[in-house]
Amino acid sequence: MNTVLTTHRSRHEHPPQPAETQYRYEVRRVGLADRVALHLGVALVKWSRRPLTVETRERRANRVEHLLARLARERETERMRYLNVPRQ
């Protein structure tokens with residue numbers, strides 16, 4: 001093997017920063033106006049995604065009845081499939 005690798009470590013900073021501010025982190029606080037704007041924005045998004053029509057009590061009861069009927073049909077289908085399996 002004739003390849004010589006360098007031992008010099010290169011810096012990969014894009015864009016390069018001055019050495020004195022490289023390791024100094026400034027604490028940035030979020031202002032009151034920014035927090036209020038954030039909360040207002042989240043509230044508006046939640047409000048815009050609300051259901052436009054209220055589901056009636058009868059419709060909810062029908063939905064549950066349909067679900068229970070479907071489950072009963074599926075159970076009966078599985079039962080019939082197991083009972084009608086040919087014996088080996």
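The values are calculated or read from the model by the stated rules, or taken from the named source; none is laboratory data. Quick caveat: nothing in here was measured; it's all calculated off a predicted structure. No Cβ is skipped: glycine too gets one built from the backbone with ideal geometry, and neighbour counts run over all protein chains shown.
So which residues in segment 42-88 are of a type outside the set (Lys, Arg) and either in contact with a helix residue (DSSP H, G or I) (Cβ under 9 Å, 6 or more places away or on another chain) or outside any helix (DSSP H, G or I) (or both), if there are any at all? Even if it seems obvious, please write down each step before you answer.
To start, the set of residues in segment 42-88 that are of a type outside the set (Lys, Arg) comprises 42-45, 47-48, 51-56, 58, 61-62, 64-69, 71-72, 74, 76-78, 80, 82-86, 88.
Listed by number, the residues that qualify are Pro51, Leu52, Thr53, Val54, Glu55, Thr56, Asn84, Val85, Pro86, Gln88.
Per-residue answers, yes or no, for (1) surrounded by 10 or more Cβ atoms within 10 Å (Cβ to Cβ); (2) at pLDDT below 90:
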site	(1), (2)
Thr6	no, yes
Ser10	no, yes
Pro16	no, yes
Leu32	no, no
Leu38	yes, no
Gly41	yes, no
